[in-house]
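Asker: Below is one structure. I have some questions about it.
Just so it is clear, none of the values below were taken in a lab; they were calculated from the coordinates. Bear in mind that the values here come from a model prediction, so they are computed numbers and not experimental data. Positions of Cβ are generated from backbone atoms using ideal geometry, with glycine treated the same way; all protein chains shown enter the neighbour counts.
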């Protein structure tokens, strides 16, 4: 009987020791981030966000305080961090970048420590109760404006980016790699970046309208000029037309007098050439300005008020619509 009691006591003590054992914490990326910029044009920047779904399990029996850092590699197709690039797989590349902050001021750098760039980092508390605790880490993407590209789909694949973490009880380590951390680790993730460059053209009229200025009489012709600024992808053919205005009579463009001008009109015309011999109209391919890709500079509009008599003094104006066909 004495031997039996001794064996039972050993088994009981062993079971109690097993119950008091704890495992080291572990962390992993549960959801891969993906940047989908959608449709991009040259006229404005496009922003989007992506989320790294980061999960940790704390079975230490203690509250753990963690610091984490996210590092993102360059794309596998085209090297570079400032900026990063997407490719259309046919020689064209679209600049973009990934940032640590919503203001998009700090570029996220590569593992292991970000290099000269930032990391998307923060701190997190894991309760002592154990189980899985999820954290969504935001990353911020931007495609800058002003890129003249071949229309179509662009993509980048980023492999082996990392979330690096360090944790301990009592308070958080000084950083994700601080030697004061009791537990440290790193886990990798994949990121896909996509965008579609539109073949749409963007048009804007120069800051100053076509202003013929002031004249004491219209005994002789008065000339003026303005410009149309336009951006199109390199592969896009376009035609720019001008309407006959809001006060046209037949095909004659006219400016209407403001109050006090007695309902008078002033005849004028718009031209495609500095000699003012090629009228600029709206019949695509006939009297429009045609081209392809980015014009590279403003397209000039040449105006002329021909000599005319019996015009009531006052202010005169007209509104002309610019139409781009592509």
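Asker: Segment 21-197: D in µm²/s via Stokes-Einstein (Kirkwood Rh, Cα pairs, 25 °C, 0.890 mPa s)?
Answerer: For these conditions, the coefficient is 144 µm²/s.
Asker: What ranking of 43, 129, 119 emerges when the number of other C-beta atoms within 10 Å of each C-beta is taken as an exposure proxy, fewest first?
Answerer: By the 10 Å Cβ count, ascending: 129, 43, 119.
Asker: Run the helix sum for the chain: -39,500 (n - 2.57) per DSSP H stretch of 4+ residues, divided by residue count, reported at 222 nm to the nearest 500 deg cm²/dmol.
Answerer: Value at 222 nm, helices only, nearest 500: -2000 deg cm²/dmol.
Asker: Let me ask you something else. Quick one: among 297, 214, 235, which has the greatest mean-square fluctuation in a GNM of the chain with alpha-carbon springs under 10 angstrom?
Answerer: It is 214.
Asker: How many nm is it between the label spots at residue 179 and residue 105, if each spot is 7 Å from the Cα in line with the beta carbon?
Answerer: The answer from the label model is 3.3 nm.
Asker: Expected output is a single nm value to one decimal: the length gained when fully extending between residue 304 and residue 202, i.e. 0.36 nm times separation in residues minus the C-alpha distance. What is it?
Answerer: Taking residue 304 through residue 202 to full extension adds about 34.1 nm, to one decimal.
Asker: Further question: Please compute the modelled spin-label separation between residue 252 and residue 39, points set 7 Å along Cα→Cβ, answer in nm with one decimal.
Answerer: In this crude label model, residue 39 to residue 252 measures out at 4.2 nm.
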